Amino acid sequence: MNNIFVRNIIRFVILILIQVLVFNNMNLGGYMHPYIYILFLLLLPININRSLLLLIAFFTGITIDYFTGTMGINASASVLLAYLRPGTIRLFFGNHDFSSKEEPGLSSFGLIGFFKYIIVLVFISQLLLFFMEVLSFNNILYTIQQVILSTLLSTFIIFIVMLFFGKRAK
Amino acid sequence: MRTLFILLWKNQFFLLFVILEVVSVFLVTRSYSYHGALAHNTTTNVSGSLFSTYSGITEYLNLKEDNVLLAEENARLRNGLSSSFLLTDTQYVYRDSLYKFIPAKVVSNSVSRSNNFMMVNKGSKHGVKKEMGVVSSFGTAGVVIGVSQNYSTIMSMLHQNMKISARIKNSGQLVSVVWESNDNLLGSVIDIPSHIKLFYSDTIITSGNSLIFPEGIIIGTIESHNKEKNKQLSRATIKYITDFGTLKHVYIINNIMKAEQDSLLNKMVN
């Protein structure tokens, strides 16, 4: 319990710092904005209390918003991700039984399963995020282009990070 | 009543989700408009010191370019010194200082979002207040919307709600400059009357009507003017003179007469 707690705190601090200092300054072709901090939410224990998950997500989003000066935008996207996370896990891995401390990852979900899990949740949260940012449907094609390219980039980076730092598949 | 509570408790996950989303959306809409952002900005020393520590590490990478820029600007300013002019007119000219420039360093900056902000390392301690104009060494850069003790947040020209009162330099015609292009180099000039025809590289300057920017600061040059028939007002594309992507040093403009001008305007309204 203690171990999980400490590990997640460290992960939170590192991912927030990397997001705010590195990835927020990244500007690839003008429309790719990698959002890596959501990896923290994606890696919380599988059987975490759902309401607690929502509160953690809100807090994480607000922290990012605080640094970027965009109050509420990241918070709304993170909360949506947290809301859909339990359902997504049930949808993809419904027949699995996970132990209470197990975290999502390559070893628990498998390579393909983890990829599906990430790309779906990243896509949905970034869809909300970019529309929240513009707050209009003018230029909708440009926004969707941003969403798709950013989702692909974020998923790619998250996957690389997991291959380096995550537990390997058995 | 009890069943209601049980029902609510059973759906606490969904309820909590709705509540948190409503709070988020409320926060987003509250700081969306120019005035909203002005009223609800959360500039603090915590985020400021994080960014300035980080930019303290990375600024060495651009030292060479920065030096060139500052040297160029020094040269321009020296040209403006009174010692650079031969005084042929011996009449005494009285001048009162109108604007004070506060130099500041950009510690965090975005250019590719739908709404862009910067943070600089000068705050209320250095005399920065909300709604002061911000210029780069070349021309306009933004408006201060949030101030903490040591840092301030600036709404960049690259923001959907940015609208600057401007003038066409040649004709003196009043127009407005907004940003609606998603491109950090280009903005739009709107409200151009039908009898005006703009050409490539015509200069657009600030009008000085808004009390935020002094008159005559360069905003950018015209790229193209799309004139439509049967339209009273046309629009044009402007290329900003400030390169927001590489912006490192800015000046915050303290209009010393602003309080006086504001109170005069208020008197007129009331």
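The values are calculated or read from the model by the stated rules, or taken from the named source; none is laboratory data. Remember, predicted model here, so these are calculated numbers, not experimental data. Note that we place each Cβ from the backbone using ideal geometry, even for glycine, and neighbour counts take in every protein chain shown. Note: areas computed on protein heavy atoms with side chains; ligands, DNA, RNA excluded. Shrake-Rupley method; radii C 1.70, N 1.55, O 1.52, S 1.80 Å.
Just for strands (runs of 3 or more DSSP E) wholly inside region B:137-242: which have at least 2 residues that are within 14 Å of chain A (Cβ to nearest Cβ) and in contact (Cβ under 8 Å) with a residue 60 or more places away in the chain? Reasoning before the result, please.
Numbers: elements: B:140-147, B:152-159, B:163-168, B:174-178, B:186-193, B:203-206, B:218-226, B:233-240.
Counting at least 2 such residues, we get B:140-147, B:152-159.
Here is a check on your reading of the model: is A:S78 closer than 19 Å to A:T155 by Cα, out of contact with any Leu (no Cβ under 8 Å at 6 or more places or on another chain) and outside any loop (DSSP other than H, G, I, E, B)? Write out each step before concluding.
Details: closer than 19 Å to A:T155 by Cα: yes; out of contact with any Leu (no Cβ under 8 Å at 6 or more places or on another chain): no; outside any loop (DSSP other than H, G, I, E, B): yes.
Taking the combined requirement at face value, the residue does not satisfy it.
Filter region B:193-204 down to residues that are open to solvent by less than 60 Å² (accessible area, probe 1.4 Å) and modelled with pLDDT under 90 and give me whichever is nearest to B:L158 (Cα to Cα). Walk me through it before giving the result.
In the first step, residues of region B:193-204 are kept if they are open to solvent by less than 60 Å² (accessible area, probe 1.4 Å); the result is B:193-194, B:196, B:198, B:202-204.
Checking the rest, the ones that are also modelled with pLDDT under 90 come to B:193-194, B:196, B:198.
Numbers: B:P193: 24, B:S194: 26, B:I196: 26, B:L198: 23 Å.
Checked region B:193-204; the qualifying residue nearest to B:L158 (Cα to Cα) is B:L198.
Of the residues in region B:16-45, how many are at the interface with chain A (Cβ under 8 Å from one of its Cβ atoms) and farther than 22 Å from B:M132 by Cα?
11
Check A:L52, A:L84, A:L17 and return the single one that is among the aliphatic types (A, V, I, L, M), under 25 Å from B:L27 (Cβ atoms), touching a Ser or Thr at 6+ places or on another chain (Cβ under 9 Å) and open to solvent by 20 Å² or more (accessible area, probe 1.4 Å). Please lay out each step first, then the result.
On the way: A:L52 fails: touching a Ser or Thr at 6+ places or on another chain (Cβ under 9 Å); A:L17 fails: touching a Ser or Thr at 6+ places or on another chain (Cβ under 9 Å).
Only one candidate qualifies: A:L84.
Considering only residues of region B:241-269 that are under 14 Å from B:E131 (Cα atoms) and of a type in the set (D, E, K, R), which is nearest to the chain's Cα centre (by Cα)?
Only one residue tops the list, namely B:K258.
Just one of (1) at the interface with chain B (Cβ under 8 Å from one of its Cβ atoms); (2) free of Cβ contacts under 8 Å to residues at least 24 places away in the same chain trips up A:R50, so point out which.
For A:R50, the exception is condition (2).
Looking at A:L111 and the list (1) closer than 20 Å to B:V18 by Cα; (2) open to solvent by 60 Å² or more (accessible area, probe 1.4 Å); (3) touching a residue at least 40 places away in the same chain (Cβ under 8 Å), which single condition is not satisfied?
(1)
Name the residue that is nearest to B:D243 (Cα to Cα), counting only residues in region B:110-125 that are open to solvent by 30 Å² or more (accessible area, probe 1.4 Å) and more than 13 Å from every other protein chain (Cβ to nearest Cβ).
B:N121
Which condition does A:Q146 not pass, out of (1) touching a residue at least 40 places away in the same chain (Cβ under 8 Å); (2) in contact with an Asp or Glu (Cβ under 6 Å, 6 or more places away or on another chain), if it passes all the others?
Among (1) touching a residue at least 40 places away in the same chain (Cβ under 8 Å); (2) in contact with an Asp or Glu (Cβ under 6 Å, 6 or more places away or on another chain), A:Q146 violates only (2).
Please determine whether any residue of region A:34-46 is within 11 Å of another protein chain (Cβ to nearest Cβ), touching a strand residue (DSSP E or B) at 6+ places or on another chain (Cβ under 9 Å) and buried (at least 18 other Cβ atoms within 10 Å of the Cβ). Outline the logic, then answer.
Residues of region A:34-46 within 11 Å of another protein chain (Cβ to nearest Cβ): none.
No - not one qualifying residue is present in region A:34-46.
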